1. Relative to the longest principal axis of the chain, what angle (0 to 90°, nearest 10) does the C-alpha long axis of helix 338-358 take?
2. Given the convex hull over the Cα atoms of the chain, what projected area results after averaging over all orientations, in nm²?
3. Hey, got the dipole for segment 2-80? About the Cα centre, +1 on K and R Cβ, -1 on D and E Cβ, debye to the nearest 20?
4. Applying the Karplus parametrisation 6.51 cos²θ - 1.76 cosθ + 1.60 with θ = phi - 60° to the phi angles of segment 12-17, what ³J(HN,Hα) value in whole Hz is obtained for each residue in order, glycine and proline being reported as x?
5. List the residues whose amide H sits under 5 Å from the amide H of L224, counting only those 5 or more places along or on another chain, with H placed 1.01 Å from N in the peptide plane.
6. Angle, helix 120-129 long axis vs. longest principal axis of the chain, Cα atoms, 0 to 90°, nearest 10?
7. So how strong a dipole does the chain carry about its Cα centre when Lys and Arg Cβ are +1 and Asp and Glu Cβ are -1, to the nearest 20 debye?
8. Spelling out what I want: for every residue of segment 271-283, take phi, set θ = phi - 60°, compute 6.51 cos²θ - 1.76 cosθ + 1.60 (Karplus), and round to whole Hz; glycine and proline get x.
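Just so it is clear, none of the values below were taken in a lab; they were calculated from the coordinates. Just so you know, these numbers come straight off a predicted model, no measurement behind them. Don't worry about glycine lacking a Cβ; one is built from the backbone with ideal geometry, like all the others, and counts go over all protein chains shown.
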Amino acid sequence: MWKQQKIMSAYITVTVMTDSIERFLNMCRHKNIGFWKISETEQGFTANITREDFFQLKDICRKTKTTVRISKRHGIRFLLFRYRRHSSFFIGIAAACIILYSCSLYVWNISFTGNYRYTHSSLCKYLAGQGVYSGMQIRSVDCDSIETALRNDYPDITWVSAEISGTRLIVHIKENDGIKEDIQTDSTPRDIVATCSGVVTSMITRAGTPKVKPGDEVEKGQILVSGIVDVYNDAKEVVNQRPVSADADIFVRVDIPYEEHLPYLYEYKEYTGRKKTRWLFGIADREIEAGVSWSSLKQADIVTDSRVLKLTDSFYLPLRTGRKQYLEYDIKESRYTQEEAEDVLNQKLKIYLLDLIENKVQILHNGVTINDSGTDYVMAGTITADMPAVGYAVVTMPEIEGNEETKAVQ
């Protein structure tokens, strides 16, 4: 920090010639005179010193018989003094200040924090559709509208905060970390029906009348929990029926068939080593490329490395620089070995199982095997699992003969 402060002010590079360096430095230290970037020479050393400290060296040089010569002057103060008779220099400074001020009125960078499920490019594309983009005036940015739009259009985003910092628009978001529950706020009467066939393994009923129990075999579409609740009198007789919105957690054991084919042959890219580099220069939304043409390459992958210029972490400029590398490749064909095929198919199965687990499916047994069919590799078999089997259907109210109150409810 001390060094940065010295560099920002006016400082001087000096050459010190003395026979008693240690005495000279000790006396400088006694007067709090600091040096940095010290390099030893045959007759002494060279170093940087501030303009204020330099004028305190006179008595020390006289007492230690030291000669100090100025090698170079640095800093804005010396620069302004050097060009004090050049009007174009000051006109240029004034023009630069005007340009910087004009740039400070616009948003030149949009960044997001806390986004894991949604990419930066997809969120920027969404904001552009809402009229928020890089290059718009800061006074036109409505942070409250951005927050409301993101919360309404992205259900997985639970919290949003947008702010302007310099020429940056920073959007802080928090995504739903867990699996979002299907919370039913509708109180419409409904039955719970099975979404698949199998054996009920567990059942927790919160509302409604259970029609099955653990161990029962059910068919797809069968009512598991009725949305009709009987109302009894003191004699334990049914005097009425009340429709409710059935609610329960029900798991059914099923055998899920799985089959995946993998051809023997596959294509891959083999890079030839030839490449072309082109340089990028961008202003606002315009971009210019310069360099050797890549048309001589048959086919190539493009690797872009660019960055936005900035004065500080919060003051971005509408300028971009970078480069594009075109890497030539040829398409080759190869055949999977048995081991490679197993690795590819096992990876696909792993992704499939993870998707089931994310949907609350409990995997019990994996009976999948890999075989060579003669034309391709086949992974096939069944996966035994306990699967959520909760679907909904509209309640149909039956009539209770001789009960006028029940008919009135219908």
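1. Helix 338-358 sits at roughly 70 degrees to that axis.
2. Working: hull surface 166.7 nm².
So the Cα hull casts an average projection of 41.7 nm².
3. Working: 15 positive and 7 negative charges, 58 e Å.
Here segment 2-80 has a charge dipole of around 280 debye.
4. Couplings: 10, 8, 10, 10, 9, 10 Hz.
5. Here I192, V193, A194 satisfy the definition.
6. Taking Cα atoms only, the helix is inclined about 80 degrees.
7. Values: 51 positive and 54 negative charges, 1122 e Å.
It works out to roughly 5380 debye.
8. The phi angles translate into 6, 7, x, 7, 8, 10, 10, 10, 9, 10, 9, x, 10 Hz.
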